[in-house]
4 protein chains.
Amino acid sequence: MRVALIGLGRMGRVHARNLAGRCRSAELAAVADADAGMAEAAGAEFDVPWTTDSGALLDDPTVDAVAVATPTAAHADLVVRAARAGKHVFCEKPIALDRPATVRAVEAVAATGVRFQIGFHRRHDPDWVAATRRIHAGEMGEPYLFRTSLRDMKPPPVEFLAGSGGFFVDMTIHDLDTARWMVGEVVEVAAYGTALADPAIGEIGDLDTALVVLRFESGALGVIDNSRAAGYGYECSTEVMGRSATVRIDRPQHRHYQWLTPDGATYGINRDFEERYPLAYAEEMEAFARCVRDGTEPAVTGLDALAAFDLATAADLAWRTGRAVPVVPERRDGGVVYSFAGQA
Amino acid sequence: MRVALIGLGRMGRVHARNLAGRCRSAELAAVADADAGMAEAAGAEFDVPWTTDSGALLDDPTVDAVAVATPTAAHADLVVRAARAGKHVFCEKPIALDRPATVRAVEAVAATGVRFQIGFHRRHDPDWVAATRRIHAGEMGEPYLFRTSLRDMKPPPVEFLAGSGGFFVDMTIHDLDTARWMVGEVVEVAAYGTALADPAIGEIGDLDTALVVLRFESGALGVIDNSRAAGYGYECSTEVMGRSATVRIDRPQHRHYQWLTPDGATYGINRDFEERYPLAYAEEMEAFARCVRDGTEPAVTGLDALAAFDLATAADLAWRTGRAVPVVPERRDGGVVYSFAGQA
Amino acid sequence: MRVALIGLGRMGRVHARNLAGRCRSAELAAVADADAGMAEAAGAEFDVPWTTDSGALLDDPTVDAVAVATPTAAHADLVVRAARAGKHVFCEKPIALDRPATVRAVEAVAATGVRFQIGFHRRHDPDWVAATRRIHAGEMGEPYLFRTSLRDMKPPPVEFLAGSGGFFVDMTIHDLDTARWMVGEVVEVAAYGTALADPAIGEIGDLDTALVVLRFESGALGVIDNSRAAGYGYECSTEVMGRSATVRIDRPQHRHYQWLTPDGATYGINRDFEERYPLAYAEEMEAFARCVRDGTEPAVTGLDALAAFDLATAADLAWRTGRAVPVVPERRDGGVVYSFAGQA
Amino acid sequence: MRVALIGLGRMGRVHARNLAGRCRSAELAAVADADAGMAEAAGAEFDVPWTTDSGALLDDPTVDAVAVATPTAAHADLVVRAARAGKHVFCEKPIALDRPATVRAVEAVAATGVRFQIGFHRRHDPDWVAATRRIHAGEMGEPYLFRTSLRDMKPPPVEFLAGSGGFFVDMTIHDLDTARWMVGEVVEVAAYGTALADPAIGEIGDLDTALVVLRFESGALGVIDNSRAAGYGYECSTEVMGRSATVRIDRPQHRHYQWLTPDGATYGINRDFEERYPLAYAEEMEAFARCVRDGTEPAVTGLDALAAFDLATAADLAWRTGRAVPVVPERRDGGVVYSFAGQA
C-alpha cells in the first residue's frame, strides 16, 4: 500500500518515519506540506517526491491511501476529497473542530466505501491491546471502575491551543475513546478544570488540568485526569477494576536502567508520546494497511471519532455549566452515535 | 501515659497490641467491651484488668487517657464523659453519625482542656509524613492535582454498613482529611457512586464504589476513588502533582519477595490496613502520648474530624442531588469550620 | 523473660529498643557497657538499672536471659559465663574470632542446657521466612542457583576492621548462614577480593569487596557478593533459582514514595540495616523468648554459628591461596560440623 | 546498503525482518539457506531472491554486504570468502569453534579492508548504550564490581549443544564482551558449573548453569551467572558498582501491564531475546550500515570477537581444571589480544 502523507508537523514526521522505515505492509509514496521547506526536507530525508499542493497527491493514481496529519482545521476537507478520489484514508484526531463538519466528513467517506481509520494509537499499542483483550475475554468480570491519566510534560504554545478545539476536544478525546473501547458506552459526563499551571492558558479561557467523570451504561464509573503541564514528564496510564481482577497499564520509562546514588535510585521517565509509545504508531499504520488489503473494517472508525468528539464536547459543556451532562448512545450504522441536550 | 481502651473490635485490638507491645510512651492500663467474652480474652492476652463497664474506667484515677474504638454510635458520649473525667481522649473516626452530636462533642472536649486526637492514621505514617513534609516545604511548588485511592478488598457485612453513617462518612472521610492535610482547604465537592460490586449494598441504598471530586481554595483539583470491593486487595495510595515535582505514595506489598514462574513474576499485595500500615497505628498512639506529655496540640484534632465529617456529608449531598456542592471553609477556634447549603 | 543486655554499641541499642518497646514476650531487665557514660545514658533512656560490671548481671537472679552485643572479642567469655550462671543466651555473630574459642563456647553452653541463639536476623525477617518456607515446601523444586548481596554503604573505621576477624568472618558470615538455611550444606568454597574502594582497608591487608562462590552438596552453585562500600546505600537481597520457580527477595526502600521531576523518578534507598530490617530484630528477640518459654531449640544455634564461621574461614583461606577449598559437612550433635584441610 | 543474508535459523529470521522492515540505512538483497524450503519461504515472505548456494550471493555485484547467521561451523569460511569478494561482513558470534580458525578469519578479513562487525547486540541496545556511556563519562567513578546474568528459559536441543562450542563459548561469550566493554580488560578468569537442570546436558559433558568470576586489570571484580534453564523466562541484566554510583540495567517485562487478583500482582516476564531486545537487533544492523557508509570502524570488531572467544576458552579451562586462569591482555592492531597458559 502506497501512502501519501499530508502534513509534516510532529505527528506527520512520526508517520513518515514509520511508513518509510518500519511498516512492512505500507510504504511512503510522497509527502506534502504547505511549508515548502518542510516538504522539501522531508522529501529528501525519506527519498520520496514532495509537494506543497496536497491536491496533486489526491490525483496520483499510484497512491493507494492518504494519511492526514495537518492542523485539525484542514482535516475534514482533505479526508473527504481523498475518499472521493478513491483513496483510503488515515486521519489524525479530531476530524474537525465542530460537529457538523465531523458528521459531513464521516458520511461523505462512508458513501465512498474506502477504508477510514482514525489515529487513536492506543488501540494499536501492544500493551493496551493485550490488557483490553483480557478484559473483553471476561477475565476480570464486569468492570466497575475505570481510571486513566493522560498528561503532557509542558503546554504547547498558546497559539496552538487557540486553534485546538479546546482542552477536551484536543486532549481528553484520547481517553474518551479508550474508555469506550475498554469498558463500553457512556451515559453521563461531568467535568472539572483549572488553569493553575500556566496563567496564559487561563487568559484565553482554556484549561491546563482537568478531571472528567464518566458513568457507563453498565453502571461503572470512570475518571480521567488530564494535564498539559505534568512537569515531570509524559504520562499515559490506566487502571480498570473488575469483580475478579484489576489491570494496570503503565510504562513509565523510556530507558531501562536505574542510577543509584546516596540520593536514591533514579530512573528516567518518558518525556513525550514518542518515548512512551515506541511501537504503537507503526502498528496502527500496519493495521491500516492490513484493513485495506483484506477489506476489513479498521479497529477505530470515523464513527468512533465522532463518538469521542461528542463525549469531548459533552465534557466541555459539563465544565462550562458546572453540571453533569446525560448523554444518549444510540447504536446505528454499525457504530454508536451520541446525543445530548445542548449538543452543537 | 496509662491508656484505658474501650472497644475491642478490629481497630480496638490493633490499638491494644500497640499499647501493650510497641509504644514506648504509652501503656495499656485496662480494656473494656460490652461483650464480656471479648473483654476477658483481651484482658488475659494483654495481662491487664478488663471490664464490661466502660464507665468504671473513666473513674479510675490511675488512668491518664482513654482510647475509644467502639462502634461509632457510642463514640460521642464516651468522648465527652472521658474528657469531663479529666482523661485525655483518643477517638476513632468519625466522632458521631450526625453533625450536632459531633459539634457538641468537640465543644465539650474543648471546654475541658484535655488533649483530643482523632484516628486519622495516615497523619502519622512515616511515608505520608515524609512526603507531605516535602510538599509543605515547598519542594513541588503549588500543588494543582491531588489523586487518592482508598479501597477495601471485600465489603463488610451489610449490617455493619447500615450503621456506618454511609459510604462517605465511613470511608471517604479518611481521604478528605488527607486532602486537607496535604493540599489545603476545599471549596467544592462533587460525588458519583455505584453499587455494582455487591447488589446487597445497593439494596440498602448505599454504595460500594465512588468518585469524589474536590476543588481546593487554591484552585487545585482533586479526585478520590473509593471502593469497598477492590477484590485484589487493600489499596491506599496517593499522588500530588505540583509545578516542579509530583509525589506518589504507594506501598503495595506486605512481603518483599517476588515469585517467578513461566506465568510471570508475582508479588503479594496488601490485603488489609494492618498489612498496609505496619507502623502508622503505633506511631499515632506514640504521637498522642507525646502531645499529652508535652502539652502540645495533636496533629489531628476534633475540629479536623468535624471538617472531614462536613466534607463527607457534602459529598453525600452531592451524590444524592447529582450536583456539585460549594462549601465554605471558615478559620475559627484554631481550626477550620465548613458550612454549605443543605448542611444538617 | 527478663533480658540483661551487655554491650551498647549500635546493635546493642537496636536490641535495647526492641526489648524495651517492641517485644511482647521479653523485657529489658538491665544494661551494661564498659563505658559508664553509655551505660548510664541507656539506663536512663530505657528506665532500667545500668552497670559497667557485666558480671553483676550474670549473678542477678531476676535476670532470665542475657543478650551479648559487645565487641566480638568479649563474646565467648560472656556467653560461657552467662550459660554457666543458668541464663539463656542470645549472642551476636560471630561467637569468637578463632575456632577453638568458638568450639569451646558452643560446647560449654551445650553442657549447661540453656537456650542459645545467634543473631543471624534474616532467619527471623518475615520476607525471608516466607520465601524460604516456600522453597522448603518444594514449591520451586530443587534449587540450582543461589545468589545474594550484602553491602554496606560506607566502610567502618579501620580500627574496627582491625579487630573484626576479617572480611569473611565479619561480613560474609551472614550470607553463609543464609546459604545453608535456604539451600543446604556446602562442599566447596572459593573467594575473590579487592580493596579498591578504600585504600586504607587494603593497607591493613583486608578487603572491601569480595565474591564468594559456593558449591552445595546438592550440586547447586551459589555466589555471594559483599562490599563495605556500596556507596548508594545498604543492600541485602537474594535470589534462588529452582526448576519450577525462582524467588527474589528485595526491599530496597525505607520510605514508600517516589518523587518525580524532569530528572526522573527517584525513590530513597535503605541506608543501613535498621532501615532495611524494620521488623527482623524485634522478631528474633521474640523468637528467642518463645524458645525459652517453650523449651524449644532456637532456629539458629551455636552449631549454626560455628558452621558459618567455618565456611567464612574457608573463604578466607580460598582467598589467600587463590584456590577453591573443598569442605566436608558432617552431621553431628543435632547440627552440622565442617572440616577442611588447613582449618585452624 | 544491500545486504545478502546467509542462514535463516532463528537469528537469521530476526535479521531478515529487520533488514526488510526496520532498517532505514540497509535493505535485504537476497537470502540463502542450505535448506531450500526455508530459503524459498523467506524469499517469498520478504519478497527477495533466494538460493541454497550462498556462494552465488558473494559473486553478486549488487550486494554490498553479507550477514552471516548460519550454524557456527560455517561462519569462518563464509566470512573470509565474503570479505575477499569485497563484501562488508556482519557475523554472528562466535566466528569459529576454535582459535586458529578465528584468528585466520580475523586476519584474512583485516587484509581486505572491508568493514567487519560481530553480532554482540547489547553494544547497540539503547539501554546498555546509555548506561555504559555514563560509566565511560566517569559518572560513577572507577567501577569495582560488575555483575551480570544471562539466562535462557529452556535449554536448546542436546544436538545443538553438541556443536555449539560448549557453554562458555556459546553463551558466556556475550557477557565477556559486555564485561570488556563496560569495565575494561581482564586479567583472571575462574569458572564453576553444574548440570542440575537437565541431566541430558550433563551426559554430553556440558553445563546448564555456570558462574564465571573475573578480575579486571583495574582490580575490579566481576561475576557472570549463566543458565540455559532459568525456567521462569529469559534474563539479561547487569549491575556495575562504582565509587560514586551504581547502575542497574534491567528490562524484565515484554508487556507493560499488571494483572491484580487476590493471589497478588503479576506481570509477564520476557520469554526470549526477541522479547527482551525489541530494538537492539535492528539498531546493530543500522550501525553496521552507518559504518559502511561512513568508512568508520564498527563498535565491535573481529578482534573483539577473538578477545571474547579467548576469555570464554579461559573460562572453559578454569572450569575443567578447577583453578583460576591468569590471562594477559596485550594491546595490538588497534585491539586487544589475550594469551594464557594452556591456550589452544
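The values are calculated or read from the model by the stated rules, or taken from the named source; none is laboratory data. This structure is a prediction, so every number in the text was calculated from the model and none was measured. For neighbour counting, all protein chains shown are included, and Cβ atoms are generated from backbone atoms with ideal geometry for every residue, glycine included. Side chains included, ligands, DNA and RNA excluded: accessible areas come from the protein's heavy atoms. Shrake-Rupley method; radii C 1.70, N 1.55, O 1.52, S 1.80 Å.
Calculated accessible area for the range D:2-114 comes out at 40 Å² per residue, all protein chains present (probe 1.4 Å; ligands, DNA, RNA ignored). Label points for A:ALA74 are taken 7 Å from Cα along Cα→Cβ. From this copy to the others they lie 5.2, 7.5, 8.5 nm apart, shortest first.
Residues in the range C:168-319 average 25 Å² of solvent-accessible surface per residue, probe 1.4 Å, ligands and nucleic acids excluded. Considering only Cα atoms, the convex hull volume of the range D:28-74 works out to 72 Å³ per residue.
Between chain C and chain D, roughly 3200 Å² of accessible surface gets buried, counting both sides and using a 1.4 Å probe. Structural size metrics of chain D, computed from C-alpha coordinates, are Rg and Dmax of 19.9, 64 Å. Quick check on the protein assembly as shown: helices-only [θ] at 222 nm, where DSSP H runs of length 4 and up contribute -39,500 (n - 2.57) each and the sum goes over total residues. Nearest 500, please. When only DSSP H runs of four or more count, the value is -10500 deg cm²/dmol.
Diffusion coefficient (Stokes-Einstein, Kirkwood radius over C-alpha pairs, 25 °C, 0.890 mPa s) for the range D:136-278: 148 µm²/s, rounded to a whole number.
Counting only residues at least eight positions apart within a chain, or on another chain, the lysines with an alpha carbon under 23 Å from that of D:LYS93 are D:LYS154. Pull up the DSSP beta bridges for the protein assembly as shown and report the antiparallel fraction as a percent, rounded to 5. Rounded to the nearest five, the antiparallel share is 65 percent. Taking label points 7 Å from Cα along the Cα-to-Cβ direction, A:HIS136 and D:ARG293 give a separation of 3.9 nm. Using equal-weight Cα scatterers in the Debye expression, the normalised intensity of the range D:253-344 in log10 at q = 0.10, 0.13, 0.14, 0.22 Å⁻¹ is -0.54, -0.75, -0.79, -1.03. Based on the Kirkwood radius over alpha-carbon pairs, what value in µm²/s does the Stokes-Einstein equation return for the translational diffusion coefficient of the range C:49-178 at 37 °C and 0.692 mPa s? Roughly 195 µm²/s, to the nearest whole number. Overall dimensions of the protein assembly as shown, expressed as equivalent-ellipsoid semi-axes from the Cα gyration tensor (√(5λ), whole Å, largest first), are 55, 50, 23. Distances between copies at C:PRO262, taken between label points 7 Å from Cα along the C-beta direction, are 2.7, 4.8, 4.8 nm in increasing order. With equal scatterers on the alpha carbons only and no solvent term, can you work out the Debye log10 of I(q)/I(0) for the range A:2-114 at 0.18 1/Å? Evaluating at q = 0.18 Å⁻¹ gives log10 I(q)/I(0) of -0.82. Spatially, the range A:265-287 and the range D:326-344 are offset by 43 Å when compared through their Cα centroids. Taking every residue in D:215-223 and counting other chain Cβ atoms within 10 Å of its Cβ, the average works out to 4. Pop out a list of residues from the range B:262-279 that are at least 40 Å² less accessible with all the protein chains around than in their chain alone; 1.4 Å probe, no ligands or nucleic acids counted. At a threshold of 40 Å² (probe 1.4 Å), the residues of the range B:262-279 that become less exposed are B:PRO262, B:ALA265, B:THR266, B:TYR267, B:ILE269. Remark: label point of B:ARG134 defined 7 Å out from Cα along the Cα-Cβ vector; separations to the same position in other copies 1.7, 3.0, 3.0 nm, ascending. Per-residue extension of 0.36 nm, minus the Cα-Cα distance of A:THR52 and A:THR112, leaves a gain of 19.0 nm for this segment.
Site pair D:GLU45 and C:ARG24 shows an inter-label distance of 6.3 nm when each label is modelled 7 Å from Cα along Cα→Cβ. Distance from the alpha carbon centroid of the range D:28-65 to that of the range D:204-220 works out to 39 angstrom. Would you please state which residues of the range C:14-36 a label at C:ARG271 would reach in this model, taking the label point 7 Å out along Cα→Cβ and a backbone N cut-off of under 12 Å? No residues fall inside that zone.
Dividing the Cα radius of gyration by the Kirkwood radius, what Rg/Rh value follows for the range B:142-217?
Ratio value, two decimals: 1.01.
Think of the axis that spins chain C onto B; the C residue whose C-beta lies nearest it, and the distance in whole Å, is C:ARG22, 3.
Convex hull volume of the C-alpha atoms in the range A:142-184, normalised per residue: 65 Å³.
Whenever you get a sec, compute what percent of the accessible area on the range B:122-213 sits on carbon and sulfur atoms (1.4 Å probe).
C and S fraction of accessible area: 52 percent.
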